[in-house]
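The values are calculated or read from the model by the stated rules, or taken from the named source; none is laboratory data. These figures come from a predicted structure and were not determined experimentally. Cβ placement follows ideal geometry from the backbone for every residue including glycine, while neighbour counts extend to all protein chains displayed. SASA here: full protein model, heavy atoms, side chains in, ligands and nucleic acids out. Shrake-Rupley method; radii C 1.70, N 1.55, O 1.52, S 1.80 Å.
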Amino acid sequence: MSTREDRLDAILARLDEQGSVGVEALSGELEVSVATIRRDLGLLEQRRLVERTHGGATRRAVDYELSLRYKEAAATEAKTAIARAAVDRIRPGSVVGLSGGTTTFMVADALSERDDLLADLTIVTNAVDIANRLAVHPGVRVIVCGGVINTSSFELVGSFVDGVLRSIWLDLAYVGVHAISATGGGLTANVDEAYVNRLMAERAERAIVVADSSKYGRRSFASVGGADVFHTIITDDHLSDSGRDELIAAGFEVELAATGGKS
C-alpha cells in the first residue's frame, strides 16, 4: 500500500468483511510497521469510523449525517473538475448509473446544478447518499438497487443488486475506484463492491471510470475491470504524460479534466 488513504480503505474493507481487525495481521497484510497501523487506526477512530480495542479495532456503527459530511469534505478541486466533465457527457432523457464513492457523489452534486438535465433524467445507483442527493429533484427518477448496506461507503451490495441491474440497460455508467493502472484497470478495496460496480458497467452502453490522478499506479484488492469493461477514464490534468500514454496503450480513452491549477 503506497499511501495512507489506500491503507485506510483496506482497513475499512476488512472491517466490513470481518467486523474486527488486529494490528499484527494488518501489519503483515499491508506490509507496513505495527506503529504505522496503530497511527492509521488512531486516525479512523478520530473520524469516528472505528472503535479501538486491545490489539486492534472493531467496526463502529456510523452516524449517517456525520459520515456524509466527511464524504463531502473529502471532495477536492480535481474531483470537482472530473465531475463536471462527466456531467457534460450526459444528455436529457438519459439513463445513468452511478456507483458509490466520493467522486461519483461529486457527479451527483454537479448534476444538481444542471437545470437542463434535471427535468428529464433517470439515475440508477447502489449508493444511498447519492440517491438522497438527487431524490429532491422532481424531474429525476432515482432507482436504488436493493442490497446490504456497507456503512463505510454507503453502497448496497449482495445478490439483491443483481435483480435490478440485470433487468435494465444504461446509457452511461460512472464508476468510482480506489486505484487505476494500465495493467489492472479499475480496482477497489472491497470484493463485493467490485462485483456490483463491474455489473453496473457491463449493463451500460458506455462505462466510464471517474478517478483523480492520485489513484494512478496504486494497488488495491479487487479488480473491477480493464479496457474490456470500461471505454473511458476521466481523471484530472495532473496525470503524468507517461501515465496517460500507458492508459491509452492499454486500450482506454483518457479525458483529462482541467483543474485550473496545473503548473
For the stretch 112-162, what is the accessible area per residue in Å² when the probe is 1.4 Å?
44
Protein accessible area in the chain, 1.4 Å probe - carbon and sulfur %
49
If one takes the longest principal axis of the Cα atoms in the chain, at what angle in degrees, from 0 to 90 and to the nearest 10, does the Cα axis of helix 191-202 lie?
10
Express in nm, to one decimal, how much length is gained between Ser242 and Arg52 on full extension, taking 0.36 nm for each residue of separation and deducting their alpha carbon distance.
64.2 nm
Going by average Cβ neighbours within 10 Å, how do the peptides 247-254, 214-221, 191-198, 99-106 rank, with the highest at the top?
99-106, 191-198, 214-221, 247-254
Could you quote the convex hull projected area for the chain, Cα atoms only and averaged over all directions, in nm²?
13.5
Angle between the Cα long axis of helix 64-73 and the longest principal axis of the chain, 0 to 90 degrees, nearest 10?
70
